[in-house]
Amino acid sequence: MKKSITIAVGCAIVLAGGIYAVSEKDPRIVPVHPNEVASIEIFNASLTTVPNDSEIQAMVVTESADVAKVIDRLNRIKPSDKAIPLDGDYTLVLHRNDGTELVYVYEKGEMRTSTGFSGQAKSDNVLNRLWSSLDYPVRDMKGEGLPAIDNAEREG
């Protein structure tokens, strides 16, 4: 009898743990799938760290395989209280197929997003390597400025 009660309690604990794990919030900072994104603009700067907008450059990622690569790399960036800023500052705008935009700003080891995430993030040099690995034309942004985060998904 004790053995069957122990087994029943063990099963209940495992079941409860499974339900909790499934109901946990998505741990990714970028809660989007590649098939939801038409293109991604990547800026090699953030709003507060560029003293002169003539230093800002941007590229637009349009190929679906490269969009998937960017999102995969962004998903490697994890929230962390012990973040060491290894990347430069970047702003990314994900243009979704439904016309909305998601904005992500990585600045000095902190990530802010238009979905409401704000905090330190461990990047392990992901963004610098991503920028250098993409084969897209880079344009100077002199006079154009950068997109800002308004803590909501933006209409495109």
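Each value in this text was obtained by applying a stated rule to the coordinates, not by laboratory testing. In this text, all values refer to a predicted model and were calculated from it rather than measured experimentally. Virtual Cβ from ideal backbone geometry, glycine too; neighbours counted across all protein chains shown.
If we sort 110-123, 55-68 on the protection proxy, mean other Cβ atoms within 10 Å, highest first, what's the order?
Listed from highest to lowest mean packing, they are 110-123, 55-68.
With θ set to phi - 60°, apply the Karplus curve 6.51 cos²θ - 1.76 cosθ + 1.60 along region 34-42 and write out the HN-Hα couplings as whole Hz, x wherever there is a Gly or Pro.
x, 6, 8, 10, 7, 7, 9, 8, 10
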